[in-house]
Amino acid sequence: MVRWPTDRSRYMPFVYILQSDKNGRYYIGITKDIERRFSEHQAGKTKATRNIRPLKLVFKQEYGSLIQAKRVERAIKKLKSKSVIKLIISDGIIKLKRE
């Protein structure tokens, strides 16, 4: 179970992974407000996840800057590997060579 952020880190950038309860698909994203963004996904306000709801937050990792979070998100999406995503979730950390 992924914990929600504390007030201190509420607006730090996160890379997050959602998983569909409907079909098991993953969605990778970034945000500075994870609670708001997750609510938007659950409400169907995000085109990419609208048809795979309900969703659960299976992973999140905080970063010091939005630029760093975007680079990590792009690198994971570029891999297009379900096995890499599963490894990230099970390890509880994103381990990329160029973080």
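The values are calculated or read from the model by the stated rules, or taken from the named source; none is laboratory data. Here the structure is a predicted model, which is why all the values come from computation and not from measurement. Virtual Cβ from ideal backbone geometry, glycine too; neighbours counted across all protein chains shown.
Here are some notes:
- Count of region 48-80 residues, restricted to those that are closer than 12 Å to residue 17 by Cα, basic (Lys, Arg) and in contact (Cβ under 8 Å) with a residue 40 or more places away in the chain, is 2.
- Contact map, region 81-99: first residue under 19 Å from residue 25 (Cβ atoms), second residue modelled with pLDDT of 95 or more and of a type in the set (Asp, Glu), Cβ cut-off under 8 Å, separation 6 or more or different chains; the map is empty.
Residue-wise test of (1) assigned to a strand (DSSP E or B); (2) at negative phi; (3) at pLDDT 95 or above.
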{"residue": "7", "(1), (2), (3)": "no, yes, no"}
{"residue": "17", "(1), (2), (3)": "yes, yes, yes"}
{"residue": "29", "(1), (2), (3)": "yes, yes, yes"}
{"residue": "39", "(1), (2), (3)": "no, yes, yes"}
{"residue": "61", "(1), (2), (3)": "yes, yes, yes"}
{"residue": "69", "(1), (2), (3)": "no, yes, yes"}
{"residue": "74", "(1), (2), (3)": "no, yes, yes"}
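- With respect to the stated conditions, residue 90 fails to be modelled with pLDDT under 95 and hydroxyl-bearing (Ser, Thr, Tyr).
- Per-region count, region 41-59, residues in a helix (DSSP H, G or I) and of a type outside the set (A, V, I, L, M): 4
A quick yes/no check of all residues on (1) more than 21 Å from residue 12 (Cα to Cα); (2) surrounded by 13 or more Cβ atoms within 10 Å (Cβ to Cβ):
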{"site": "29", "(1), (2)": "no, yes"}
{"site": "53", "(1), (2)": "yes, yes"}
{"site": "59", "(1), (2)": "no, yes"}
{"site": "64", "(1), (2)": "no, no"}
{"site": "69", "(1), (2)": "no, yes"}
{"site": "78", "(1), (2)": "yes, no"}
{"site": "83", "(1), (2)": "yes, no"}
{"site": "94", "(1), (2)": "no, yes"}
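- Residues that are surrounded by fewer than 18 Cβ atoms within 10 Å (Cβ to Cβ) and among the polar types (S, T, N, Q), drawn from region 12-27: 20, 23
- Residue tally, condition surrounded by 13 or more Cβ atoms within 10 Å (Cβ to Cβ) and touching a helix residue (DSSP H, G or I) at 6+ places or on another chain (Cβ under 6 Å), over region 31-45: 1
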